[in-house]
Amino acid sequence: MKKLFLILAAALAVTPLAKAQRTATPADKIRLPEGFEIELLYTVPRDVQGSWVAMCQDDKGRLIVSDQYGGIYRFPIPKLGEPLDPTTIEQITYSPEGAPKRGEQEATAPQELNEELAKLPKVGHAQGLCYAFDSLYVVVNSRNSSSGSGVFRLLDTDGDDRFDKLVTIKKLDATGGEHGPHAIFPTADGEGLYVVMGNQTQLPEDYTHARTPEVWGEDQLLPSLQHFMRGAEAPLGHMARIDPEGKTWDVVATGFRNQYDAALNREGEMFTYDADMEWDLNTPWYRPTRINHVIDGADYGWRTGSGKFPDYCTDTFGTVVDIGPGSPTGVCFGYGAKFPAKYQNAFFACDWSYGKLYAVHLEPKGSTYTATFEEFAAAQPLPLTDILVNEADGAMYFTVGGRRVQSGLYRITYAGDESTTPAETVPGGEEARAERHALEAFLQPGAKEATGEELDTIWAALGSSDRGIRHAARAALEKQPVANWKDRVAGEDNAVIATAALIALARVDAEHSSAAILSKATSFDYASTKPRQTRLDILRSIMLTLTRSGQPADGQRAKLIEWIDGVYPARTPEENRDLSAFAAFLDAPFAVERGMELLANASGQEEQIGYALNLRYLKDGWTPELREKYFNWFVLSGNYKGGARLANYLADIKKRATESVPESDMTPALTELINTPPKDSTPQFTLEPRSFVKNWTMEDLSGDLGVGLEGNRDFANGRQMFGAGTCYVCHRFNGEGGAVGPDLSSAGGKFSPYDLLETIVDPGAEISDQYGSSIFKLNDGTQVIGRIMNMSGDNYQVNTDMMNPSATTKVDANTITSIEPSPVSMMPPGLINMMNRDDVLDLLAYLISGGDPDHELFDE
């Protein structure tokens, strides 16, 4: 019979390395909070054992690890203070019938054993490992593996501590790359497993159930811009629950980009760290890497290109906290670690590209969570791949590696003065979570149709102020026969309930109910409707209806245009982005004029791109002056900085805009303007040029921080100054902007006006380790200053200009003699020198307000 067995890696160690072995990043180069210590336990011989990307523990407490492009290894964890003994590392390989038995292998000469090993097909290329149900589950993500991508199970049927049976749980259609199937881990009830899959993994055709309502759609009113994964359609990027034998495949949630791992807290709630699309930086559809609370039935809104759902959409479930740019890999909770209490309860998230391990501190908020985060461990380079806590010794272990970069195994322990007594669970949210779970019961396999009384409960929960409960109620409603509840919508007077129901009805029955949805949605007194989320929900119900049912009938179309005419433009850019799309889709007579007015007054490149995108297909309504202003914007935007595909996106918009110009309007002057290349200069985010005012100092402005900020500031101007000062290039603020610098959305609650002003006037006064740069000194005497953004083998891609995220320099790791922190901030000074005093104070008030136009600092 065929047999799986383990061969001692000590025999492998005699294989000569192709070149001298480099060490993984030394432990003394890794920053940690006070009281923590770190050991480099093992530098992985890359030409023999590859680059490790996944890790788990078996029932004997041994570590099992996997090379991204090769084999799987296991070994006992060394005692505290001791390094890993390489001779204890064993490799899992597949042995055909007739292979030498274990005793015979140990008697074989190393050279002969290596020759024999080379003939054996390996079980490997794993990006997910889990020891459960007396077996090792292996998630393979590789086009080149002999097994293909999928979930596999290794069993030891005769109890000799050697796996001897391989079972295919599920073959998966992963179209390639690193966005395929990833982690696998046990469910909270101990009866099944969760599998984590990125957005290049197709939903299995034979999935047995979906907790998400099976009404997935792209929901793009105008064609999206696509440069990666062209034509990819939802549902992609999903989590599934399976039974130990793989007979069931229950889709828990969808709409992730490339979440590599997930973990459960003590309450059984799931959390993951999802990826951004770095090519999209500084576009309105960019989403930073983020921590998601994974709830049943949710669609997290990833769509290819410009089609991603904004977080505020009620038919998605937003982020717990945005982290920033990066490459998410392994995650775990700190349970079982002999750490101070706040770190025991923390959710640890690994970032591969920037070399950071984040400690995310979750706080219950109703049925879901909010969070803050801190940099827990960091170095350059430190390409973290997976992480776990060994409860036997109370230490945390993580691996670095991936893409054939130098791999290693590390251990973190705590030696400080704080108590490491097992921490209690963070209290709060128990009743709200129970209410959400009761609604989610309608999403489970075998759930029965809701009774009349149960339908009343679901309906009432649509009005909850708790986003998790409201989401669960909408998903539960969509699972019910639409005939059982659609007639309730017209008579519902509660706007919060009605808008959630309208969104549900649009998703499940827009084709037959479009007239009723549009009639109800436009019946509200939009301008006086509060909160803003309810207005956004009104717009979302209209958006979904139009995308799923097409152009309304002439009478309904005229009424809708009349309604839009009365509410557009609205007060916030989120509303205007949707309203400008409606006006363009319906070819409203005012679409061009109002869209161009918004474009001219928009504060930053993301807002501008959104309006330019919606204007691109319009043929009518243009005057020569408006066309000139529109195509002048393309000259201006040619200097905008962002991700690697920003220029392509802008070129696509311009191409469609040019094609929409009638031949009769294509004058020589307009043709010349269209062909005008942008001038190579610093990005300017206002259509009106600005001039130097003053080299502002703290002494000039600090006296205005009292009376000057008391209730007389201009919100709109503050927002414009955030763009004029190029703040959006690097900083995230209320879902807009770049992410290479700190997110400033909550800066007003963390810093005093004086401290905020100082960081603007003198950005080098204090440099956070999290956003600092490094000096890479090379063996030819030169140096490169910046931050590592990506890696492959021995090559590092270093971003050298914070204002231009796609500006990178390739550095060969073999030429680096040292890496040291840079004492100079990557944020340049003088960004407010083209503002007058009121502009600076309006900007400061805008930051303090968190972007709230109703804040007390602003005029009514």
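For the range 571-625, filtered to residues that are of a type in the set (Gly, Ala, Ser) and outside any helix (DSSP H, G or I), the residue that is nearest to TRP285 (Cα to Cα) is GLY604. Of the residues contained in the range 615-635, none is found to be under 28 Å from the mean Cα position of the chain (by Cα) and either at negative phi or not hydrophobic (A, V, I, L, M, F, W, C) (or both). Among the residues that make up the range 521-530, is at least one of them under 33 Å from the mean Cα position of the chain (by Cα), of a type outside the set (Gly, Ala, Ser) and either open to solvent by less than 20 Å² (accessible area, probe 1.4 Å) or at pLDDT 95 or above (or both)? Yes, the conditions are met somewhere in the range 521-530. Pairs meeting the criteria (first residue in the range 256-268 and open to solvent by 20 Å² or more (accessible area, probe 1.4 Å) and modelled with pLDDT of 95 or more, second residue among the basic types (Lys, Arg) and not in a strand (DSSP E or B), beta carbons under 7 Å, at least 6 apart or on different chains) are GLU267/ARG433. Being assigned to a loop (DSSP other than H, G, I, E, B) and in contact (Cβ under 8 Å) with a residue 12 or more places away in the chain holds for only one residue in ALA232, ALA240, and it is ALA232.
This table checks each residue for (1) outside any loop (DSSP other than H, G, I, E, B); (2) of a type in the set (Lys, Arg); (3) more than 26 Å from the chain's Cα centre (by Cα).
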{"site": "SER353", "(1), (2), (3)": "no, no, no"}
{"site": "ALA371", "(1), (2), (3)": "yes, no, no"}
{"site": "ASP386", "(1), (2), (3)": "yes, no, no"}
{"site": "VAL389", "(1), (2), (3)": "yes, no, no"}
{"site": "VAL405", "(1), (2), (3)": "no, no, no"}
{"site": "ARG436", "(1), (2), (3)": "yes, yes, no"}
{"site": "ASP456", "(1), (2), (3)": "yes, no, yes"}
{"site": "TRP459", "(1), (2), (3)": "yes, no, yes"}
{"site": "SER464", "(1), (2), (3)": "no, no, yes"}
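So that you can scan it fast, the table gives a plain yes or no per residue for (1) within 27 Å of GLU449 (Cα to Cα); (2) not small (Gly, Ala, Ser):
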residue	(1), (2)
ALA472	yes, no
VAL496	yes, yes
ALA506	yes, no
PHE524	no, yes
SER528	no, no
THR547	no, yes
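Give the range 464-512 a look and list any residue that's of a type in the set (A, V, I, L, M) and either open to solvent by 50 Å² or more (accessible area, probe 1.4 Å) or modelled with pLDDT under 95 (or both), or say none. Selection gives ALA483, ALA490. Counting only strands (runs of 3 or more DSSP E) that fall entirely inside the range 26-89 and contain at least 1 residues that are charged (D, E, K, R), the qualifying elements are 36-43, 63-67, 72-75.
The residues of the range 417-434 that are part of a loop (DSSP other than H, G, I, E, B) and surrounded by 14 or more Cβ atoms within 10 Å (Cβ to Cβ), listed by number, are THR420, ALA423, VAL426, GLY429.
Taking the range 381-390 as the range and being over 19 Å from ALA262 (Cα atoms) and either polar (S, T, N, Q) or open to solvent by 10 Å² or more (accessible area, probe 1.4 Å) (or both) as the test, only PRO381 passes. Take the residues of the range 625-658 that are modelled with pLDDT under 95 and among the basic types (Lys, Arg): which is most open to solvent (accessible area, probe 1.4 Å)? Applying the filter and picking the extreme gives ARG645. Among the criteria (1) under 17 Å from ASP743 (Cα atoms); (2) part of a loop (DSSP other than H, G, I, E, B); (3) under 14 Å from the mean Cα position of the chain (by Cα), the one PRO284 does not fulfil is (3). Listed by position, the helices (runs of 4 or more DSSP H) contained in the range 664-735 that have at least 2 residues being modelled with pLDDT of 80 or more, of a type in the set (A, V, I, L, M, F, W, C) and buried (at least 21 other Cβ atoms within 10 Å of the Cβ) are 715-724. When TYR207, TYR194 are checked against the criterion of being open to solvent by 20 Å² or more (accessible area, probe 1.4 Å), in a strand (DSSP E or B) and of a type in the set (Phe, Trp, Tyr), TYR194 stands alone in meeting it. One residue stands out in the range 349-380 among those that are in contact with a His (Cβ under 8 Å, 6 or more places away or on another chain) and closer than 20 Å to ASP276 by Cβ: the one that is least open to solvent (accessible area, probe 1.4 Å), namely ALA371.
Residue count for the range 219-231, restricted to those that are under 14 Å from SER549 (Cβ atoms) and among the charged types (D, E, K, R): 1. For the range 321-353, the tally of residues that are among the aromatic types (Phe, Trp, Tyr) and touching a helix residue (DSSP H, G or I) at 6+ places or on another chain (Cβ under 9 Å) stands at 2.
The values are calculated or read from the model by the stated rules, or taken from the named source; none is laboratory data. Because the structure is predicted, anything quoted here is derived from the model rather than measured. All Cβ positions, even for glycine, are placed from backbone atoms using ideal geometry, and neighbour counts span all protein chains on display. What goes into the accessible areas is simple: the full protein's heavy atoms, side chains included, and nothing from ligands, DNA or RNA. Shrake-Rupley method; radii C 1.70, N 1.55, O 1.52, S 1.80 Å.
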